[in-house]
Structures are given as structure tokens and as C-alpha cells.
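Enquirer: Below you will find the structure I want to go over with you.
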Amino acid sequence: MEIGGSVKLAQSKLVLNKASMGCLAVRAKNWSDSADRFLQRCAGAGNTEASYILGMIRFYCARSRRSGAALMVSAANGGHLEAIFSLAVIQFNGSGARKQDRDLTLGAGLCARAAKLGHVDATIELGHCLMDGYGVTSAPVNGRLLLHRAKQRDAENERQQASLGTLYQKTHHANLFLSEWFSLSTDARNGLKSL
């Protein structure tokens, strides 16, 4: 294959749509205009993982809450579990808005959606919501049942990963980026491109 053909293939919407986590993961210390553009192209091609990662970066690091939330909503609409759960957390915390703008019912609904699809942390959060009546009608017995199921599901996930000989990574790459970003000095963050 010619080099020109390789470049065209690398810019193909089909290829960008299917770009793996390994291609999309970026370290905060390596953030640049080109990393931002690459994630934008992948998100534009319908890659929900890219939409989620870029949405988290924009929402929390670039303080571009509207753009970041829109990208996370796009990923959530595509069935991305981490995006659904992150939007729930935003609703619970009122991140980026006034405290009175929180929507506990929507947050609990998003947790229920992610939990139904198998997201362990969303199941745990929904269990606590049911136990405390946080955004839903209080149902402590159902809450405890969900917490028990989440614990079982988490243990099962770890066993499956161990049997496959793979490392079970609980922390998503977007969250690793955020952790690294906020551990950088202000001067280092200011020196990075795009944000």
C-alpha cells in the first residue's frame, strides 16, 4: 500500500469510528492540539469512546461544560456506560452549575439505565439512592439487594479478567487523564495546548 493510501485510510470515518482505546488514550502531560483534533475527528465519526474522553476533558479540564456535556450525551446515546454514569454524577453534584440546578431524579434515572446495562459503580450508586431516598422513593431492601448484586458482579468481572490473563482496569482512561491533569502544576497545565 502506498503512503498516500495509508494516510487516506487513517482519516477514513470508518477507521476513526472503530479506533480502539489504545489509540484514543492520551496522557495529560502529552495533551496537544493534534491530540484534541484526533479525538474530535474520531468523535465526529461516531466513536463513542472518543466522544466520552473528549467530553470529560472539555467538561472538567477546559471548563467548556456545554461542549463537554454534549459530547458525553452523544456517547451516552450511543450506549457508552461510563458516559451514562458520568452524566448521572454531574446531575447529582450539579457540576458546573448552581446547587439548585442539580436534578437528583435524572441522576437516579441515569444510574438505573447504566446499572441495567451492567455498570457496577452505577449499580452501587443506585443502591445508595434507594436506601436513602435520594432522587427516588426510598426502598432500603431493594437498595441493599442492588449493593449485593454489584459486589457479586464486580467479583465476577475480576475472576473473568484473571481467567483471561488480562489486567482488570477499573479506572477508565478519561479518569486517569483527569487525575494526571489536576496533579500537574498550574504552570504545566497552562503550557499545554488547546485547553
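The values are calculated or read from the model by the stated rules, or taken from the named source; none is laboratory data. If you're wondering where the values come from, they're calculated on a predicted model, not measured in any experiment. Virtual Cβ from ideal backbone geometry, glycine too; neighbours counted across all protein chains shown. All accessible areas refer to the heavy atoms of the entire protein, side chains included, with ligands and DNA or RNA removed. Shrake-Rupley method; radii C 1.70, N 1.55, O 1.52, S 1.80 Å.
Enquirer: Tally time: how many residues in the stretch 152-174 are surrounded by 15 or more Cβ atoms within 10 Å (Cβ to Cβ) and either touching a Ser or Thr at 6+ places or on another chain (Cβ under 9 Å) or modelled with pLDDT under 90 (or both)?
Expert: 4
Enquirer: Give me the helices (runs of 4 or more DSSP H) completely within the stretch 41-100, filtered to those with at least 1 residues that are acidic (Asp, Glu) and within 17 Å of Lys13 (Cα to Cα), ordered by residue number.
Expert: Helices (runs of 4 or more DSSP H) meeting the threshold: 48-56.
Enquirer: Every residue in the stretch 17-37 that is within 19 Å of Ala75 (Cα to Cα), open to solvent by less than 40 Å² (accessible area, probe 1.4 Å), aliphatic (A, V, I, L, M) and assigned to a helix (DSSP H, G or I), please.
Expert: Hits for the stretch 17-37 are Leu24, Ala35.
Enquirer: To continue, here is another question. Among the candidates Leu71, Leu54, single out the residue that is among the aliphatic types (A, V, I, L, M) and open to solvent by 20 Å² or more (accessible area, probe 1.4 Å).
Expert: Leu71
Residues checked against (1) among the hydrophobic types (A, V, I, L, M, F, W, C); (2) in contact with a Phe, Trp or Tyr (Cβ under 6 Å, 6 or more places away or on another chain); (3) within 26 Å of Met56 (Cα to Cα):
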position	(1), (2), (3)
Gly109	no, no, yes
Val120	yes, no, yes
Gly127	no, no, yes
Tyr134	no, no, yes
Ala139	yes, no, no
Asn142	no, no, no
Leu145	yes, no, no
Ala162	yes, no, no
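Enquirer: Which members of the stretch 42-51 meet the condition of being over 10 Å from the mean Cα position of the chain (by Cα) and either open to solvent by 10 Å² or more (accessible area, probe 1.4 Å) or within 19 Å of Phe85 (Cβ to Cβ) (or both)?
Expert: Hits for the stretch 42-51 are Ala43, Gly44, Ala45, Gly46, Asn47.
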